[in-house]
Amino acid sequence: MEARVKIQEAQPAAWKAMYGLETYLASTQVAKTHKELIKIRASQINGCAFCIDMHTKDALKNGESAQRIFLLNAWKEADVFTDEEKVILAIAEEVTLIHQHGLTEETYQKAKDLFGESYIAQLIMVVVSINAWNRIAVSTHLAIPH
């Protein structure tokens, strides 16, 4: 695939704004493990090889197991994820696939029982951010570094 527009060069203010969101997300209460699970799962759904490559490497560096990464596509059936992680992954999928039925009341209520509204809001912003990055990477043919 031929590379396309480099948004960081064509629209540096927009790129800077995206990194501003990442700076905010780094300061939230969302655990690194939760962030990486969200980023990998959303990137799988969106078919973003660049982001899958980046975030699986980051997850492994942060202590995530290869087994859990391998099972991420089947998280609903896998017993290696906690109840909290399963709710987080449901949020990631439902917000990523917003056109299907959005964040369901069932998932929201489970999240509300486990987390406060502030944490839920932060989780949603992590999902929004990775979906934006996926769309940038896929539409501009961002290549996986070798």
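For the list (1) closer than 19 Å to S129 by Cα; (2) modelled with pLDDT of 95 or more, I need the number of the one condition that A74 fails.
So A74 meets the others, but not (1).
Within the range 66-81, count every residue that is closer than 16 Å to K35 by Cβ and over 15 Å from the mean Cα position of the chain (by Cα).
So the answer is 2.
So which pairs qualify, if the first residue must be in the range 105-125 and without any contact (Cβ under 8 Å) to a residue 12 or more places away in the chain and over 17 Å from A42 (Cα atoms), the second must be aromatic (F, W, Y) and surrounded by 11 or more Cβ atoms within 10 Å (Cβ to Cβ), the Cβ gap must be under 9 Å, and the two must be at least 6 apart or on different chains?
none
Being outside any helix (DSSP H, G or I) and among the aromatic types (F, W, Y) is the filter here, so list the residues in the range 86-120 that pass it.
Scanning the range 86-120 gives a single hit, F115.
The values are calculated or read from the model by the stated rules, or taken from the named source; none is laboratory data. Note that the structure is a prediction, hence the values are computed from the model and not measured. Reconstructed Cβ throughout: ideal geometry from the backbone, glycine too, with neighbour counts over all protein chains shown.
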